[in-house]
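Below you'll find the structure, written out as structure tokens, and then a few comments.
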Amino acid sequence: MLEKVIMLPFSMFLIFLFAFMAVIGVTMFGQWCSVQNEAQFLAMSMGKWGGYTEQAEESLADFAEQINRDVSSMSVQVSDVGPVAWGKPVTAKLTVPFKFRLGSYNVGTYQLTGIGKSVSSYLGGYDVDYVSP
């Protein structure tokens, strides 16, 4: 009889703990996918234009607005600012702080990192302004 009284709350606790961890995992995976997608987009833009341009900066600002983050809280690292010769690999690494909250309770802040890779197809002739992230 006593084991049933003890087992019921313990079982409920385990079920709620599993559900809580599943919600955190699914939410973080969804956010990581969007960060990875943006990093790949930045790398493809760098491959097209031969470096990190103002268009990539605008795309990053739009992404920050979509996920309700400030651009200054994001960290962008690129392999080369520009111009990068044709055939050279370029990479973009984007790190975004992910603040997980349940109501007013802050569960934690985690850094989600996405890495994008591309190859430069820049042959010259574009009139672009390269910026530093």
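What follows draws every value from the coordinates through simple rules; no lab data is involved. All of these numbers come straight from a predicted model, not from anything done at the bench. When we count neighbours, we look across all protein chains shown, and the Cβ atoms used for this are built from the backbone with ideal geometry, even at glycine.
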Which is loosely packed, with under 13 Cβ neighbours inside 10 Å and closer than 30 Å to residue 124 by Cβ, of 54, 3?
54
Give me the pairs: first residue in the range 114-133 and within 26 Å of residue 98 (Cα to Cα), second residue aromatic (Phe, Trp, Tyr), beta-carbon distance under 6 Å, and six or more apart or on different chains, which are they?
133/52
In the range 104-124, residue farthest from residue 52 (Cα to Cα) [restricted to those that are within 23 Å of the chain's Cα centre (by Cα) and among the small types (Gly, Ala, Ser)]:
108
What residue, of 72, 79, is free of Cβ contacts under 8 Å to residues at least 12 places away in the same chain, more than 11 Å from residue 132 (Cβ to Cβ) and polar (S, T, N, Q)?
72
Residue 72 passes all but one of the listed conditions (1) more than 20 Å from residue 28 (Cα to Cα); (2) surrounded by 13 or more Cβ atoms within 10 Å (Cβ to Cβ); the exception is number (2)
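Across the range 89-101, what is the total count of residues that are touching a residue at least 12 places away in the same chain (Cβ under 8 Å) and either in contact with a Cys (Cβ under 8 Å, 6 or more places away or on another chain) or exposed (fewer than 15 other Cβ atoms within 10 Å of the Cβ) (or both)?
Kept after step one, since they are touching a residue at least 12 places away in the same chain (Cβ under 8 Å), are these residues of the range 89-101: 89-98, 100.
So of that shortlist, the ones also either in contact with a Cys (Cβ under 8 Å, 6 or more places away or on another chain) or exposed (fewer than 15 other Cβ atoms within 10 Å of the Cβ) (or both) come out as 89, 97.
The total comes to 2.
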Could you figure out which of (1) basic (Lys, Arg); (2) over 14 Å from residue 38 (Cβ atoms); (3) under 18 Å from the mean Cα position of the chain (by Cα) isn't true of residue 88?
(3)
Any residue that is out of contact with any strand residue (DSSP E or B) (no Cβ under 6 Å at 6 or more places or on another chain), closer than 14 Å to residue 133 by Cβ, small (Gly, Ala, Ser) and not in a strand (DSSP E or B) - is there at least one of those in the range 22-34?
no
Unmet criterion (only one of (1) out of contact with any helix residue (DSSP H, G or I) (no Cβ under 8 Å at 6 or more places or on another chain); (2) surrounded by 10 or more Cβ atoms within 10 Å (Cβ to Cβ)) for residue 78:
(1)
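Kindly check whether there is at least one residue in the range 38-55 that is of a type in the set (Asp, Glu), assigned to a helix (DSSP H, G or I) and within 14 Å of the chain's Cα centre (by Cα). Spell out how you get there, then give the answer.
Going through the range 38-55, the residues of a type in the set (Asp, Glu) turn out to be 38, 54.
Restricting the remaining residues to those that are assigned to a helix (DSSP H, G or I) gives 38, 54.
From the residues that got through so far, the ones that are within 14 Å of the chain's Cα centre (by Cα) too are 38.
Yes, some residue in the range 38-55 is of a type in the set (Asp, Glu), assigned to a helix (DSSP H, G or I) and within 14 Å of the chain's Cα centre (by Cα).
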Selected residue (only one of 43, 64, 22 is closer than 19 Å to residue 99 by Cα, of a type in the set (A, V, I, L, M, F, W, C) and surrounded by 15 or more Cβ atoms within 10 Å (Cβ to Cβ)):
64
